Structure formats: C-alpha cells, structure tokens
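The values are calculated or read from the model by the stated rules, or taken from the named source; none is laboratory data. Please read all numbers here as calculations on a predicted model, not as lab measurements. All Cβ positions, even for glycine, are placed from backbone atoms using ideal geometry, and neighbour counts span all protein chains on display.
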C-alpha cells in the first residue's frame, strides 16, 4: 500500500476522518476465530479499516443482520472453457460472489502461444475482480501432442515481473517432471519461490513423492478421498473441483465429513465450467452450497473458498473480513443457501463496475482452423475378430478406462452398433492431415455426430459419431465456422456454436452463447448422450494425453498409463 493511501486509511481507522462506506448490522464470518460475530465494517479507499460501531462514513448501508464474508476465490480455472469473452465470465461469476480468480491460460497458449496469454491478460485488466494468472507450464501438454505453439522457460521471463502473475500453471507432463527433463526443469527453476500448480492424477506413491520433490504445491485432479489424503500427507494443497464435466466434490467431501478430517489445506475450484452451468448453478458459491448440504461445517467451507486459497497463492490482503484486507465482500441470505444478496469489490458494489470494455481481437487469434486435405480412409478402424482397445467414458469424471473388445463390423471394418461409437481427432493447427480414430463406449450417440474444436489441451478437432458421413460433415462444418461446437443429425447440420477466437471463445454475448448451448445440449441428450453428462465438455477431454487411462489423438489411440500408442 502506498504511503498516501495508508495515511488516509490509518486516519479513518482511528476515527480522525470519515470512511467512504460503512456496512452496518452484519453477521460477520470471521475466518480467524471460526465464529460469526455481529458488527459493522468501515471501508476507505477500497480497504477494510475497522470493525465496530463508532465509525462515521460518507455512505452507510444497513445489512439488516445478513451474513457477510470475504469474496470467494476460484483457486483454479481456465477462462477459455466458459466459451465467452473473459470479461463476461468474470462479471457473471462475480454476481455469484467470486471476486478472485486464479487463471491458468494454457488453453489459449496451446493454440496461440504468448499471443493467447496476452489476450486473456488484456481482456481482464479492468474486471470487477482480482484476476491473477499462473503461466502455462506445458505447451504442448506432453511431448506426443500436436498443438499450435511451444512455450519454453525463456518465453516466460517477461511475465515474471507482472504483479498479477502468481506462479507456474498446472504442471501436466508428470514424466518430464520426475525424469528431470531439462526444458521442464528450467521452468521449475524460473518460478522458484513461487507457487507451482500440479496436475497429478492417480500417481503411485513413489512417483507422487518425486513430483512433490520438484516443488509442485497444489493439485486439482484428485477424484477420490483416499487419493487426496495421500496428497495432503505429502503437504500438497488440494483443490476440490466441481466443473461441468469433472464433478469430484461429492466423493471427496463425503470422505472429509465421514472421517472428520481437517479441511486445512483444501480449496475449491471449477477448472472447466460452461457459462450455461454457471448461470444455472452458480460458481464457487455452488461448491460451498453443495459441500454444506453434505454436512461440512459452513465456516470450514467458507474458509476453503476464501482465506485458505488466498494463503495458498500468497494473496495477503485477500480472503478475510478484517482490517488491512481488500473490501471484497459478499452479503448472503444464509449459511445454508448461499444466495448472494450484494457483492462489493474494493468497497464498491459491483454494479458500478459491470461495463464491458471491448478490445479488438488480434488477427493472430482468428482463423486458426487449418485442416488441409482430409483423407476419409483415415477413419478406418479394424474389426477383424481380434480384441481392440476401446475408450470407455466414466460418468462425472474425465478419467477414462480401457476395455479390450472385439468390435462389431463388416468386411473387416468397425461399424458402430448403438453401443460403441467411433471417435476421431483431426489435427487442425498445421494442416498435417493427421487423423486418429478408434472406438468409444459411454457416449451413446445415435443418428449423427458431435464435434468440437475445444479439445484439451492441444485443441484439435474431436468428434464422436455413429457413421463416417456425419463425422466428416461435422469436421468440415467446424472448418467453415472457424471452430466451435457442432451437431450433425442424419446428414444435416443441426446447429453450430461458432467459436472464432482461437477455436475456443465466442465473439457473441454470454446470453447468446448460453441460449444456444442450452438448445444444443438438449439436442445431444435427445440423440442419446446421457443426461448426467455434459456432451461438449466431456467430449473435449477425450484427447487429453495426461489423464489416465486411454485417449484418442491425431496419431491414434494412446495409453496414458503405458505411455505408448496402441496399434491394438
């Protein structure tokens, strides 16, 4: 805090001058004492300067005994996964009480490198929230990926002095870490002394120990209570994730409650969540609400969403209702329903800061779909009476299972039979013509194809369909649109959500995207996709080569657990 600002705040704290705002008659959730305490909050220059009744201010608001907490913190998210302009996302999430976002821009980086990161940082500069960044560590996500850019340690140096950069983004390529790959280790050394986010699904005890030894601090990939307790035992901070596809909260919180485990060292995050789900469910408020409904102590849940996340990332003036903290505050109806009544950012109602500032989209972020000539023959998958590796989707998870099956077919070629569909990934960055195809179980799509250019983390075009004609039509439709989501039904394009910015983000309003997405999701469910599955986000993870067990890539089916491509 600069000295002139401190002098003003100090004078207001001592009652020598008026504060800017007093919030009176609040039930304050104190994350230091674990108590709910009645009181009034004095605010000056966006800071909390005191709690008590004997303050004067230019303006007063009577909270009439409602609950007051610090604004919530989303400990890990990808802005691109909401599909909309980052400013729109921040505004909508802020209305739900999230006032701090820890952003990993690795989706944009994997398509457009530094230009993608710079776009997200520029777009969020004037947001009604603290938007902090972890610089993408794995671009590409793994050495076998076909993505759009490469980031080395020397490409990250310019970000080190930016006050909004907190550390190194999720370190996804575990083999590169534990085998001390020189390029990866250079990144770890560059960010020494700063937070390094992890990405460590289902590691063995020894591999996890080696991973932590490299200085990785956090992980959001835990899907079971037993696994996250193993991570906690090694000192990691565990982010409990509840997004659109990966819904891990219920299983983990159930374990915490039943075993009476301390919630110290836990935070909440969304990772990847569509704007449609945010509008319907909420953001971090949804995580807190759901955790409390399962028996978690409300103050413990609030601490996970505030001070514990702040301490994890070294945010010393964020996360508590106390003097010296930013006046990022939320008024709630109750500590059960968690419906935000009022939200303040730096002492101002966010309604005063909701104007969206539009910036021209850099040319480098447009026209990023480069397929080249497509050979339909590359969709061939053999059905010769021998077992073939099938990718089995798991409801509510982004991990997958491998099932070796004899595929149904005709004349030696796999033909989807209503139980198994075809999955394919088309390289779209450099027009190489690479196409990988295989069989998938659990999507249940019938009578068409669904395709997406959002395909973690390389963001090639991924498609599932029950016939090659519709698969090819869906891919060409995304080429025409410059990226997006599309549904093809019975040889015709049903609808397309165009995502022309990097093939990841719409140039339309959040209401437009939300309305169209809702319509398309409903259609996907009518075509057989399970109603408890987000058809697009779940599809987007089926090419991610750093999460077990099996994936489809432009080079073919890949076993993550074995680290090799599967000819069979």
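For the list (1) surrounded by fewer than 20 Cβ atoms within 10 Å (Cβ to Cβ); (2) at pLDDT 95 or above; (3) touching a helix residue (DSSP H, G or I) at 6+ places or on another chain (Cβ under 9 Å), I need the number of the one condition that residue 147 fails.
(1)
State all residues of the range 263-288 that are free of Cβ contacts under 8 Å to residues at least 60 places away in the same chain and surrounded by 21 or more Cβ atoms within 10 Å (Cβ to Cβ); if no residue qualifies, say none.
Correct list: 266, 287.
Of the conditions (1) at pLDDT below 95; (2) surrounded by 14 or more Cβ atoms within 10 Å (Cβ to Cβ); (3) in the same structural domain as residue 501 (by TED's automatic domain parsing); (4) in contact with a strand residue (DSSP E or B) (Cβ under 8 Å, 6 or more places away or on another chain), residue 385 satisfies every one except a single condition; which number is it?
(2)
Would you be able to tell me the number of residues in the range 393-429 that are over 26 Å from the mean Cα position of the chain (by Cα), farther than 20 Å from residue 491 by Cβ and in a loop (DSSP other than H, G, I, E, B)?
5
When the range 505-527 is examined, which residues are found to be touching a residue at least 12 places away in the same chain (Cβ under 8 Å) and out of contact with any strand residue (DSSP E or B) (no Cβ under 9 Å at 6 or more places or on another chain)?
Within the range 505-527, 505, 509, 510, 514, 518, 521 qualify.
Quick check on this structure: which one of 139, 111, 49, 131 is surrounded by 21 or more Cβ atoms within 10 Å (Cβ to Cβ) and assigned by TED's automatic domain parsing to the domain that holds residue 18?
One residue alone meets the criteria, 49.
For a quick check of your reading: which strands (runs of 3 or more DSSP E) sit entirely within the range 17-97 and have at least 1 residues that are farther than 30 Å from residue 537 by Cβ?
19-30, 35-44, 47-51, 57-62, 67-70
Kindly provide the set of residues from the range 98-122 that are part of a strand (DSSP E or B) and in contact with a helix residue (DSSP H, G or I) (Cβ under 6 Å, 6 or more places away or on another chain), ordered by number.
Across the range 98-122, the qualifying residues are 98, 103.
At least 1 residues that are within 24 Å of the chain's Cα centre (by Cα) and farther than 26 Å from residue 78 by Cβ in each: list the helices (runs of 4 or more DSSP H) lying fully within the range 266-375 that qualify.
Filter on the range 266-375 gives 284-293, 298-305.
Test each condition in (1) surrounded by fewer than 18 Cβ atoms within 10 Å (Cβ to Cβ); (2) at pLDDT 95 or above; (3) not in a helix (DSSP H, G or I) for residue 185 and report the one that comes out false.
Of (1) surrounded by fewer than 18 Cβ atoms within 10 Å (Cβ to Cβ); (2) at pLDDT 95 or above; (3) not in a helix (DSSP H, G or I), only one is false for residue 185: (3).
Please go through the range 225-260 and pick out each residue that is in a loop (DSSP other than H, G, I, E, B), out of contact with any helix residue (DSSP H, G or I) (no Cβ under 6 Å at 6 or more places or on another chain) and at negative phi.
236, 243, 246, 248, 259 - these are the residues of the range 225-260 that are in a loop (DSSP other than H, G, I, E, B), out of contact with any helix residue (DSSP H, G or I) (no Cβ under 6 Å at 6 or more places or on another chain) and at negative phi.
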